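A quick write-up on the structure given underneath.
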Amino acid sequence: MATANPKIGVSPEGSRPWRWSVAQYHQLAGAGWFDEKRVELIEGEIVEMPPIGDEHRAVGMGSIKVFQAAFGVGFVLSVQSSLVLNDLSEPEPDVVIARGTWRDFVGGLPVTAVVLVAEISKTTLRDDLTTKAVLYARSGIPEYWVIDLVNRELIVHRHPEQGDVARYIEVTHLKKGENIAPLHAPESPILVGDLMP
């Protein structure tokens, strides 16, 4: 007796979803699979990202100026570009700050050079505070900032800890009017209001 095919999108019991590697992900991109789409690779899963809205874009432009002023010489800033964390994850954070000059990264941006990652978050807030926080902590990124456009606050994650589930030991919520200096730019406090619309 023939059995019915399972519905598309439903994994048969006991099966595991396919996990794409970074190399396979790059091959798919090179073949045009993601043309006209914003996607990123998270734990082997290709995730489609929502379009960048006007508020997100404006905050991105403002944050670039704020971070450039705070970090200055000796650091480079990358905006909405991919960051390979491991063989299964290549997110596209809104801002990546790394130690060095742009010439140091012609062959790629090693995660070990990254000192701060920032996400501008509205529709993706839940994933940015959970999945992405775990990914960045597991990769040893010292500092992860979430510019939360829903609650109008800055959520600063510091001091990654490895364990059964990687996490940041210190998580601080800051509102407009408060300021905080990045760990790698301690003499350059940033006013939270300068990162908010």
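The values are calculated or read from the model by the stated rules, or taken from the named source; none is laboratory data. The structure presented is a predicted model; accordingly, all values stated were derived computationally and were not measured. With ideal geometry, Cβ positions are generated from the backbone for all residues, glycine too; neighbour counts draw on all protein chains shown. Surface accessibility is based on the protein's heavy atoms, side chains included, excluding ligands, DNA and RNA. Shrake-Rupley method; radii C 1.70, N 1.55, O 1.52, S 1.80 Å.
Residue-by-condition table, conditions (1) in a strand (DSSP E or B); (2) crowded, with 20+ Cβ neighbours inside 10 Å:
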residue	(1), (2)
Ile141	no, yes
Ile147	yes, yes
Asn151	no, no
Ile155	yes, yes
Pro160	yes, yes
Val165	no, no
Glu170	yes, no
His173	yes, no
Gly177	no, no
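Of the residues in the stretch 114-128, how many are open to solvent by 60 Å² or more (accessible area, probe 1.4 Å) and over 22 Å from Ala58 (Cβ atoms)?
Going through the stretch 114-128 one residue at a time, the tally reaches 1.
Screening Val111 against (1) open to solvent by less than 40 Å² (accessible area, probe 1.4 Å); (2) within 20 Å of Pro50 (Cα to Cα) leaves a single unmet condition, (2). In summary, strands (runs of 3 or more DSSP E) completely within the stretch 20-130 and bearing 2 or more residues that are free of Cβ contacts under 8 Å to residues at least 40 places away in the same chain occur at 45-48, 75-79, 95-99, 114-121. Might you let me know whether the stretch 30-49 holds any residue that is open to solvent by less than 50 Å² (accessible area, probe 1.4 Å), modelled with pLDDT under 95, farther than 25 Å from Arg138 by Cα and out of contact with any Cys (no Cβ under 6 Å at 6 or more places or on another chain)? Yes - at least one qualifying residue is present in the stretch 30-49. Could you tell me which residue of the stretch 56-89 is farthest from Pro142 (Cα to Cα), considering only residues that are open to solvent by less than 10 Å² (accessible area, probe 1.4 Å) and under 14 Å from the mean Cα position of the chain (by Cα)? Across the stretch 56-89, the extreme among qualifying residues is Ser89.
When each of Arg103, Arg99 is tested for being open to solvent by 60 Å² or more (accessible area, probe 1.4 Å) and within 17 Å of Leu183 (Cα to Cα), the lone residue that passes is Arg99. Among the residues making up the stretch 73-95, a single one is within 14 Å of Ile120 (Cα to Cα) and touching a Phe, Trp or Tyr at 6+ places or on another chain (Cβ under 7 Å): Val95.
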